[in-house]
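The values are calculated or read from the model by the stated rules, or taken from the named source; none is laboratory data. Please read all numbers here as calculations on a predicted model, not as lab measurements. Note: ideal-geometry Cβ built from the backbone for every residue, glycine included; neighbour counts use all protein chains shown.
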Amino acid sequence: METATIPRFDETAPAAEVSAALLMHGVVIVERLLDNSVCDTLLAELQPWFDQTPAGADDFSGLNTRRTGALLSRCPSSVALVTNPLVLDVVDTVLWPKKSSFQLHLTQSIAIGPDSPAQYLHRDHWCFDFFPFPREVDVEIATIWALTDFTEEIGATRVVPDSHRTPDEVRYTPEDTVAAVMPRGSVVLYLGSTVHGGGANHTDQTRFAINIDYVLGWLRQEENQYLSYTLDEVRSFPEKVQKLLGYEIGAYALGYIDGGRSPMELLRSPEDGDAPARHSFTTAPEPL
């Protein structure tokens, strides 16, 4: 059986076309969304954290792989990746259409060291205690941004196109996978239901990438965004980022404070002088 390929787009692609391909195949690549100077800046901001981050504790995390989280404060230039307009449009289109909101699931840099074996194949939505989500309900989208050229030899992420609509019980082998080979500055997007894994690094170089995931607003975030940043740090972020972190109501009567206020009120300074606001979802659900 011929292995499927990963749909590819350039930075000018309409979000609707990228979204349709992602829904159809479970994975897409958008090439060269970042230029080399941005990649250089991201790597420079991350370098001190790479040096301090311990390697993974098990084979899944990678015994020669370093994962650094809380990137919004540690790597300020990552804000542009988190809020990339094309990516956010695709996320909004593809995640469950009946949602009230979506939020940031995690941010992390991933540095796969030389001579690292491949990560075992998995689906990201297994993090939700292996809950069997209906296949027509997409709850999570992952993005991997290549800060170095992604080649098969250096450990490009491996995915199984079209696996997103198969039951969780279906198992795949490395021979079923395709390497997300792409130039530096590109991003691969895949669904939480898509089978994938980090590739084996057969070189003497480190594979650097940034992983940013998004999830429905009513699911628990993999990385605890409320403890990853202080309130003062959150106040310094753009409002769009604050809401993505989870400081906006996730759905009607979900995540409010003080009997109905939006947590966004906590981020306003006393000098703002605005009256306390109720949350933004003003339409109550209709009774069954």
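Before moving on, here are some points about what is shown:
- Residues within region 136-157 that are of a type outside the set (D, E, K, R), touching a residue at least 60 places away in the same chain (Cβ under 8 Å) and closer than 19 Å to residue 123 by Cβ, tallied: 5
- Subset of region 104-115 [crowded, with 24+ Cβ neighbours inside 10 Å and either out of contact with any strand residue (DSSP E or B) (no Cβ under 8 Å at 6 or more places or on another chain) or farther than 22 Å from residue 72 by Cβ (or both)]: 112
- When 156, 146 are checked against the criterion of being surrounded by 24 or more Cβ atoms within 10 Å (Cβ to Cβ), farther than 30 Å from residue 99 by Cα, modelled with pLDDT of 95 or more and of a type outside the set (Ser, Thr, Tyr), 156 stands alone in meeting it.
- Taken together, the criteria place residue 171 among residues that are out of contact with any Cys (no Cβ under 8 Å at 6 or more places or on another chain), charged (D, E, K, R), surrounded by fewer than 20 Cβ atoms within 10 Å (Cβ to Cβ) and closer than 19 Å to residue 59 by Cβ.
- Index of the failed condition, residue 127 passing every other in (1) surrounded by 20 or more Cβ atoms within 10 Å (Cβ to Cβ); (2) of a type outside the set (Gly, Ala, Ser); (3) closer than 23 Å to residue 255 by Cβ: (1)
- Of all residue pairs spaced 6 or more apart or on separate chains, those with beta-carbon atoms under 6 Å, a first member in region 175-191 that is more than 21 Å from residue 124 (Cα to Cα) and surrounded by fewer than 24 Cβ atoms within 10 Å (Cβ to Cβ) and a second member that is of a type in the set (Ser, Thr, Tyr) and modelled with pLDDT of 95 or more are 184/148.
- Region 179-220, residues that are closer than 19 Å to residue 101 by Cα, part of a loop (DSSP other than H, G, I, E, B) and touching a Leu at 6+ places or on another chain (Cβ under 7 Å): 218
- Matching option when the condition is within 16 Å of the chain's Cα centre (by Cα), closer than 17 Å to residue 146 by Cβ and hydrophobic (A, V, I, L, M, F, W, C), among 91, 79, 28, 38: 28
- Of the residues making up region 221-251, those that are modelled with pLDDT of 95 or more and part of a loop (DSSP other than H, G, I, E, B) are 221, 222, 223, 224, 229, 230, 237, 238.
- Failed condition for residue 121, given (1) of a type in the set (A, V, I, L, M); (2) within 17 Å of the chain's Cα centre (by Cα); (3) surrounded by 16 or more Cβ atoms within 10 Å (Cβ to Cβ): (2)
- Filter result for residue 202 (more than 15 Å from the chain's Cα centre (by Cα), surrounded by fewer than 20 Cβ atoms within 10 Å (Cβ to Cβ) and at negative phi): yes
- Hey, residue 160 under 14 Å from residue 121 (Cα atoms) and either in contact with a Pro (Cβ under 6 Å, 6 or more places away or on another chain) or among the aliphatic types (A, V, I, L, M) (or both) or not: yes
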